[in-house]
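What follows draws every value from the coordinates through simple rules; no lab data is involved. All figures in this text were calculated on a predicted structure; none of them were measured in a lab. Using ideal geometry, Cβ is built from the backbone for each residue, glycine included, and neighbour counts are taken over all protein chains shown.
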């Protein structure tokens, strides 16, 4: 059903405009007695007219009603009733306006402007939400005034009534009949076209099929067939959409609509040629990123082997991008245009994802990327992402650090690269939003192994402290002697933060953590991202990371039966434990298997919609679903170091 509020607003504007036209047009055709009366005496009607001309509606209404109470036989009574209705509408009293018009209709049925009066009665009934009464009056109007200039308005009003009552098919036919009556101003025509398009877009395939079976024996306007065909195609009914296009091309000689029909027909044929069970996969299986591509491919392969129902019959066509955006684009074109895949998985790298997402959107193929590239899903509605983002990680970290642990003051020590700067800014922005503060922040080059300078700057050890020098010298020591300098160096760090956020790899964290302890930065919680998650971190610096807090997208040590089964199968088949990339690849294929099995998408558009419609999917990386933008909504796992293990924080 079309939104009733939209139609109501339009109906009210039509009502007021129609009433103004009506009141202007229906002045008495013979005004002799009225003119003589107003010239010879000052009665309530004349006073009311003067107030109306001044815009003093309340006073005008008072005197019109006084006149109607006193008048017995006076040819100004119909006009007074009209004036009352006009003013009551302006004062937002439609019930009173309706009563005045109904009295006029009842007492003066032969009144010259009765068609306008009765149309306005029906329009006000619609405004009041009395749709059945409005439709009944409008149908009686059509029986009595077939050739009146308001016929188009009455047909539109009938369509509004039936649409508001949920009788969509009747509304459609009345609006179509209104289009046949003739043009009635650009604004009204546009409004009618918008109503028809909204109705068609909201209709079910069954109703659209019924609308195609036009029992009147005449054609609809070509744009109606085009809209019906487009709606059917978007609802995954290509056969019915093709029928609507062919009727469109049969119904008109207009070259514009014939060309649009041919283009739509070509699109329908293209959609019908899709391989419904074929999924393309773009991965770097050679080049510098080959290790990552092979890990994802291992996860995909395992998911294909483990399909429990063996019903999906999904076919994955893998293409090697070699880490090259240009080669990835060529392979994408092949998968979409030649092998006719219904969807794409990949790519991995941010640079390649930027190229592929834009082209995939242009080609109209749903693409599930496995990248952290910022805003990749904003490319368009065909682009999805199934990968944990830095924003999701940082938000979850701070929710625990501030919500559960009660921390308010933080330090940030970050690498001076794109990832480090982005994480630093996001962490700081979220911290401000939550009411926390950054009390120390330093960056370091990515090629250093000694972090003495940055650590000392964070805790006040890098620059001499004037107050400390005065205190030491006042105790009888001499500036510059060995004892003075030793005591200055022995002065402890100023630690005004409760935790330090380090968004870097586990290799660098394993070097930084011991150096923090060396400079007596103790008793603070270290925090990081999924880049920390490696068993080697504990081997290299476990003693310095006890109680540290960091995020992850996958925990192989989980006791969840699905995870333990996946890890065992992966270890058995590939002789190594799975990582986050393997787990994401596994989950992505399992999700697509479920979508193909339960939704049976016939077109790429249908697959896109099914990916949005499917409820939370339970994967080995945890439950997730796609939001309206195509982003996977998933909560990161939060881990801590306890002894020689990484364990989840519950």
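Quick look at the numbers
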read-out	value
Segments 331-340, 93-102 sorted - mean Cβ within 10 Å per residue, highest first	93-102, 331-340
Cα long-axis angle, helix 255-272 against the chain (0 to 90 degrees, to the nearest 10)	40 degrees
FRET efficiency, 1/(1 + (r/R0)^6) with R0 60 Å, evaluated for residue 629 and residue 62 via beta carbons	0.55
Burial order of peptide ranges 549-556, 530-537 (average beta-carbon count within 10 Å, highest first)	549-556, 530-537
For the chain, calculated [θ]222 nm from helices alone, where every DSSP H run of n ≥ 4 adds -39500 (n - 2.57)	-17500 deg cm²/dmol
Cα-projected label distance for residue 613 with residue 54, points at 7 Å along beta-carbon direction, nm	6.5 nm
Projected label distance in nm at residue 644 and residue 103, using a 7 Å step from Cα toward the beta-carbon	9.8 nm
Antiparallel DSSP beta bridges within the chain, as percent of all bridges there, nearest 5	30 percent
Approximate spin-label separation residue 92-residue 277, in nm, with each point projected 7 Å along Cα-to-Cβ	6.2 nm
Shape of the range 170-219, Cα gyration tensor, a/c cut at 1.5	oblate
Peptides 344-357, 371-384 ordered by average Cβ neighbours within 10 Å, highest first	344-357, 371-384
Fewest-first ranking of 590, 278, using other Cβ atoms within 10 Å as the exposure measure	278, 590
The chain: relative contact order in percent, alpha carbon pairs under 8 Å with at least 6 residues between	10 percent
Nearest-ten-degree value, helix 561-574 long axis tilted from longest Cα axis of the chain	60 degrees
Extended-chain gain in nm, criterion 0.36 nm per residue less alpha-carbon gap, residue 143 and residue 450	101.2 nm
Kirkwood Rh, Cα atoms: Rg over Rh of the range 330-455	1.13
Stretchable slack from residue 409 to residue 304, in nm (0.36 nm times residue separation minus alpha-carbon distance)	33.0 nm
Segment residue 110-residue 254, length gained on full extension (0.36 nm per residue, minus Cα span)	47.3 nm
Residues of the range 377-413 with amide N under 16 Å of a point placed 7 Å along Cα→Cβ from residue 362	379-383
The range 203-273: translational diffusion in µm²/s, Stokes-Einstein, Kirkwood Rh over Cα pairs, 25 °C, 0.890 mPa s	206 µm²/s
C-alpha long axis of helix 186-202 to longest principal axis of the chain, angle in °	60 degrees
Mean-position separation - Cα centroids, the range 107-150 and the range 429-465, in angstrom	78 Å
The chain - convex hull of the alpha-carbon atoms, volume per residue in Å³	252 Å³
